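Read the structure below first, then the notes.
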Amino acid sequence: MREISLHILDIMQNSTAAQARVIKVVITVESGKSMLRIVIEDDGCGMDSKVLAKVTDPFTTGRTTRRVGLGIPLFKASAEQSGGDFAISSQKDVGTVVRARYEINSIDRPPIGDLPGVIADMAAGYPTVEIHLQLENGDRQFVFNSREVKQVLGDVPLSEFEVIVWLREYISEGLKEIFGGVLSEINS
Amino acid sequence: MLAAEFAAKLGAKVLTGEPRDNTEIKGIYCGDLLSWVMSHAPKSSAWVTVHTHLNIVAVASISELSCIIIPEGIKVDEATINRAIDENTIIISSELTAYEICSIAHDCGI
């Protein structure tokens, strides 16, 4: 994928398909500043060890319409091509954790991309799912939580146009604040 | 043109043995961003890519591409070749660059 955020979207959609009620995305600049870590954690139905052992094989898929699934294999290849690594762990009926690391200055690292759009659209599209985004860089931290925003909004739905525009803007500011100057694609 | 015939025109090696059916090449597509290739490569294209990972077999299968051509003599992983044979996907290894491969394809009327 052209952007890391599209890999994140793909994994989040796996989570909703697994009936997750909470999806947590944590993006961290690791100490030493050379690696970007992305962790996507859900409380969905999870996988047993037999399925888990096969998910990085592109010929494994949860789909019934076709016999090839590439979401996880492409994310893994993207991280590994960028001097990083990839791991996935899961427990049946507990949830799944996907963890990818990218070397920040690798020439093959895709840009983070439209993360604000991905998170805002997931929050608006799945209002009953708690979408949690956390950005971390040293002692700087940004948190967005769709359940908290929903409580503040009261009767106004997350899918309201003005709300989505605000969500994108808010997350975009957070990205700049936390990763500006560290990720070359984000201006500080 | 059949994939095996085109391989001969390129002076290239078919890594996956004798193909089980006559796969026709109807065009050429070049690209190394797998998700992009999946969403843009026309069906029955021969696909030129520098990737050698197992994922390319899945992309060729999902996008119904006629064969995969690895340029510049890049070594292809054994696991990829074996899976391609299982999936009846043809992998061709050429010493030429993607540009040279496309030029020859054009001259062949592909």
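Using Cβ contacts closer than 10 Å as the measure, can you line up A:VAL26, B:VAL59, A:VAL152 from fewest to most?
Going from least to most buried by this count: A:VAL152, A:VAL26, B:VAL59.
For B:LYS9, list the lysines whose Cα falls under 20 Å from its own Cα; do not include residues on the same chain fewer than 8 positions away.
Those lysines meeting the cut-off are B:LYS26.
Could you let me know the centre-to-centre spacing of the range B:61-106 and the range A:94-139, using Cα atoms, in angstrom?
Here the two parts' Cα centres lie 34 Å apart.
At most 15 other Cβ atoms within 10 Å plus a DSSP loop assignment makes a site exposed; report the longest stretch of chain A without any exposed GluC sites (Glu not before Pro).
It works out to A:31-159.
What does the structure give for B:55-66 when I average, per residue, the other chain Cβ atoms found within 10 Å of the residue Cβ?
4
For the pairs A:LYS33/B:LYS75; A:LYS24/A:LYS92; A:LYS54/B:LYS13; A:LYS33/A:LYS92, note any where the Cα-Cα span goes beyond 23 Å.
Table pairs above 23 Å Cα-Cα are A:LYS33/B:LYS75; A:LYS54/B:LYS13; A:LYS33/A:LYS92.
If we count other beta carbons within 10 Å of each Cβ, what is the order of B:THR49, B:THR23, fewest first?
Result, fewest neighbours first: B:THR23, B:THR49.
With 10 angstrom as the radius, rank B:VAL76, A:VAL156 by how many other C-beta atoms surround their C-beta, starting from the fewest.
Ordered by Cβ neighbours within 10 Å, fewest first: A:VAL156, B:VAL76.
If you project the alpha carbons of the range A:2-140 onto their three principal axes, what span does each projection cover, largest first, in Å?
40, 32, 24
Rule-based calculations on the coordinates, nothing more; no lab input. As the structure is a computational prediction, the values presented were derived from the model and not from experiment. Every residue, glycine as well, gets a Cβ built from its backbone with ideal geometry; the counts of neighbours run over all protein chains shown.
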